[in-house]
Amino acid sequence: MSKLHRFIYLNFIFSAGIFAQSAWAPYQRQLWVRPVATHSEYDSAYLARSFAKYDDNVRISAGALVLEYGITDRLTVDFSSGFGKLGRHRIFDRFGGLQQTPESPDKYGVLDSRLGVRYKLVDEYDSKYFWMPTISVRVGGIKKGDYDRNPQSLGDGASGGEANVYFAKDFNTWGLGTLGDIGYRKRENPVPDDILYYGALYKKFLENFFLTIGGRGQIGQGGYAYADPRQEPPFNYYNTRTPDLIPGVNLFDIWVKDERPAWGRKETFHNFEIGLGFSDSYGNFYNVFYSQTYAGYNTAKLQTVGFAANIPFNL
């Protein structure tokens, strides 16, 4: 496998993909240093089976650093973390200020950190079968960041673990190839588990440029809908107000706050991604990319632009 090919098959977005790994990995005693910067915005969201449009844009900016080190040609250890900002916004401000939500101030915090080990099961360049892809597996842990996670945040706000299977294949024809992964992530209660997926095709042209088109997503495996349960049968039939003992207090307000926080909702999203990369003569790879959410459940309709670089060092 050429030096060029080893650094190009990486795509990133804020959220699930900012710390993305691939089936290809550093060789023994090689360190990959990957800085990533993203900016995301949304003014609408998929709220359960409904769609809401907001009065203000919510802006999210993040910077991250991913380190990957080859212990052997097949065994890799990785670490990633970063810092982000959730910009000031007011979702609703209507009727001359008579109906509005409180303004959310700028929020800052360390992103979720990840530590993992990846093993290359099959290397397509060592296989005697021309159709054989590169296949790698990874297991890792997640340490939650220190951001404020209410009412929305820079991450899931829960520690946990994850496992992934990665595949990649250079077709060696017309500069075409494919790459992708599927994974499972488990976090602390009440954050639900998730199935993660990614798949893309790439095209090499003009020797050093690469166009990548694909999709990335998350499928929530638990949790609950966005709506307050008082709006849904059978809970809407109960009078849960507590007269005399606690005047003006609704028991459901307490239950929703403690037992159904925002980070316990089921979240599903499906994103379209496109990226343009360039590899220089030193083996460094640079990538600009765009991502757009086109379907989801309890998730923002997010637009993301970003830049990533992959810089190899032989130690």
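What part of the accessible area of the stretch 150-213, given as a whole %, is carbon or sulfur when the probe is 1.4 angstrom?
Values: 1980 of 3100 Å².
That share works out to 64 percent.
Quick one: if you stick a label point 7 Å off each Cα along the C-beta vector at Asn314 and Ile182, how many nm between them?
3.8 nm
Across the stretch 12-112, how large is the tail of the calculated P(r) beyond 21 Å, expressed as a percent of all Cα pairs? Present the calculation step by step, with values, prior to reporting the outcome.
On the way: 2648 of 5050 pairs.
Percent of Cα pairs beyond 21 Å in the stretch 12-112: 52.
Assuming 0.36 nm per residue, please report the length gained on full extension of the stretch Thr72 to Asp146 beyond their Cα-Cα distance. Don't jump to the answer; show the numbers that get you there.
Values: separation 74, 0.36 × 74 = 26.64 nm, distance 3.37 nm.
In short, 23.3 nm is gained.
Taking only the C-alpha atoms, wrap a convex hull around the stretch 91-164 and report its volume per residue in Å³ as a whole number. Can you show the working numbers first?
On the way: hull volume 11.3 nm³, N = 74.
Convex hull volume per residue, Cα atoms: 153 Å³.
What number, in nm² with one decimal, is the all-direction average of the projected area of the convex hull of the alpha-carbon atoms of the stretch 48-181? Intermediate values should be presented prior to the final figure.
Working: hull surface 49.5 nm².
Computed as one quarter of the Cα hull surface, the answer is 12.4 nm².
Given a 1.4 Å probe, how much area per residue of the chain is accessible, in Å²? Please list the in-between numbers first.
On the way: 15830 Å² over 315 residues.
Roughly 50 Å² per residue, with all protein chains present.
Could you give the length gained on full extension between Phe205 and Lys257, defined as 0.36 nm per residue of separation minus the Cα-Cα distance, in nm? List each step's numbers first, then the result.
Working: separation 52, 0.36 × 52 = 18.72 nm, distance 5.34 nm.
Gain in length upon complete extension: 13.4 nm.
What per residue convex hull volume, in Å³, comes out for the chain when only alpha-carbon positions are used? Write down the numbers at each step before the final one.
Values: hull volume 46.1 nm³, N = 315.
Value for the chain: 146 Å³ per residue.
With r defined as the distance between the Cβ atoms of Phe92 and Leu65 and R0 fixed at 45 Å, what FRET efficiency is calculated, to the nearest 0.05?
Values: r = 36 Å, r/R0 = 0.81.
According to the calculation, E is roughly 0.80.
For the stretch 156-216, which GluC sites (Glu not before Pro) are both in a DSSP coil and crowded by at most 14 other Cβ atoms within 10 Å? Mind dumping the intermediate values first?
Numbers: sites: Glu162, Glu188, Glu207; in loops: Glu188, Glu207.
Answer by residue number: Glu188, Glu207.
So how far apart, in nm, are the two label points at Ile219 and Asp43 if each is 7 Å from Cα heading toward Cβ?
Calculated label separation equals 3.3 nm.
Name the lysines eligible as straight-distance cross-link partners of Lys169: C-alpha to C-alpha under 19 Å, and not fewer than 8 places from it in the same chain.
Within the straight-line limit of under 19 Å, Lys169 reaches these lysines: Lys3, Lys120, Lys128, Lys203, Lys204.
Summarise the accessible area of the stretch 12-127 (1.4 Å probe, protein heavy atoms) by the percent that is carbon and sulfur. Walk me through the numbers before you get to the answer.
Values: 3010 of 5290 Å².
Carbon and sulfur together cover 57 percent of it.
I'd like the trypsin sites (Lys or Arg not before Pro) in the stretch 44-115 restricted to DSSP loop residues with at most 13 other Cβ atoms within 10 Å, sorted by number. Walk me through the intermediate numbers first.
On the way: sites: Arg49, Lys53, Arg59, Arg74, Lys85, Arg88, Arg90, Arg94, Lys107, Arg114; in loops: Arg49, Arg74, Arg88, Arg90.
Qualifying residues, ordered by number: Arg49, Arg88.
Using helices alone, I'd like the mean residue ellipticity at 222 nm for the chain: each DSSP H run of four-plus residues gives -39500 (n - 2.57), total over residue count, nearest 500.
Values: 1 runs with 9 residues, N = 315.
So the calculated ellipticity at 222 nm is -1000 deg cm²/dmol.
Find how much the distance from Gln303 to Tyr119 grows on full extension, using 0.36 nm per residue of separation minus their present alpha carbon separation; answer in nm with one decimal. List each step's numbers first, then the result.
Numbers: separation 184, 0.36 × 184 = 66.24 nm, distance 3.28 nm.
Contour length minus Cα-Cα distance gives 63.0 nm.
Return P(r) of the stretch 246-311 (all Cα-Cα pairs; 5 Å bins starting at 0; whole %; ordered from short to long distances).
With a bin width of 5 Å, the distribution comes to 4, 13, 14, 11, 11, 11, 10, 8, 6, 5, 3, 2, 1, 1, 0.
The values are calculated or read from the model by the stated rules, or taken from the named source; none is laboratory data. As the structure is a computational prediction, the values presented were derived from the model and not from experiment. FYI the Cβ positions are ideal-geometry reconstructions off the backbone, even for glycines, and counts take in every protein chain you see. What goes into the accessible areas is simple: the full protein's heavy atoms, side chains included, and nothing from ligands, DNA or RNA. Shrake-Rupley method; radii C 1.70, N 1.55, O 1.52, S 1.80 Å.
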